[in-house]
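The values are calculated or read from the model by the stated rules, or taken from the named source; none is laboratory data. Worth saying up front: this structure is predicted, and the values here are computed from it rather than measured. Virtual Cβ from ideal backbone geometry, glycine too; neighbours counted across all protein chains shown.
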Amino acid sequence: MICPKCGSKNTVPIVYGLPSLDLYEKEQKREILLGGCCVTSDAPCCYCKDCGNRWGNYSEYVDKQRQELLKRFERHKEE
C-alpha cells in the first residue's frame, strides 16, 4: 500500500471490531492500526505511519478479500 498523500510505503491496514490480544500486540508493534468497534460504510482501510493519512474504503476492501477467499475455495474444491 502506498499513501496517496505523501507516497510513503510505511503504511498499515486499519482493523475494526473488538480486538484480540494478538491484535493489541500487533498495534503495539505498529503492524496495524485499531480503528474501533464500529465500522461505517465509508470507514478508511489504510493508514500512513509517516503523515497520518487515512484512506481507502473498508467496505470495498472487505469485498475484495471475500472475493479472493471464494476464488481460493473454488480452486481447492476442484482439486
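Against the definition (at pLDDT 95 or above and either of a type in the set (A, V, I, L, M) or surrounded by fewer than 11 Cβ atoms within 10 Å (Cβ to Cβ) (or both)), how does Lys49 come out, yes or no? Criteria not met by Lys49.
Conditions (1) out of contact with any strand residue (DSSP E or B) (no Cβ under 8 Å at 6 or more places or on another chain); (2) under 26 Å from Lys9 (Cβ atoms); (3) not in a loop (DSSP other than H, G, I, E, B), marked per residue:
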site	(1), (2), (3)
Ser41	yes, no, no
Pro44	no, yes, no
Asp63	yes, yes, yes
His76	yes, no, yes
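Within segment 9-32, being assigned to a helix (DSSP H, G or I) and either closer than 20 Å to Trp55 by Cβ or not hydrophobic (A, V, I, L, M, F, W, C) (or both) holds for Asp22, Tyr24, Glu25, Lys26, Glu27, Gln28. Residues of segment 1-39 that are surrounded by fewer than 11 Cβ atoms within 10 Å (Cβ to Cβ), closer than 20 Å to Gln65 by Cβ and not small (Gly, Ala, Ser): Leu18, Asp22, Cys37, Cys38.
One residue stands out among those in segment 22-39 that are of a type in the set (A, V, I, L, M, F, W, C) and modelled with pLDDT of 95 or more: the one that is farthest from Thr11 (Cα to Cα), which is Leu23.
Yes/no matrix, rows are residues, columns are (1) among the hydrophobic types (A, V, I, L, M, F, W, C); (2) over 14 Å from the mean Cα position of the chain (by Cα):
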{"site": "Gly7", "(1), (2)": "no, yes"}
{"site": "Pro19", "(1), (2)": "no, no"}
{"site": "Tyr24", "(1), (2)": "no, yes"}
{"site": "Cys45", "(1), (2)": "yes, no"}
{"site": "Ser59", "(1), (2)": "no, no"}
{"site": "Gln65", "(1), (2)": "no, no"}
{"site": "Leu69", "(1), (2)": "yes, yes"}
{"site": "His76", "(1), (2)": "no, yes"}
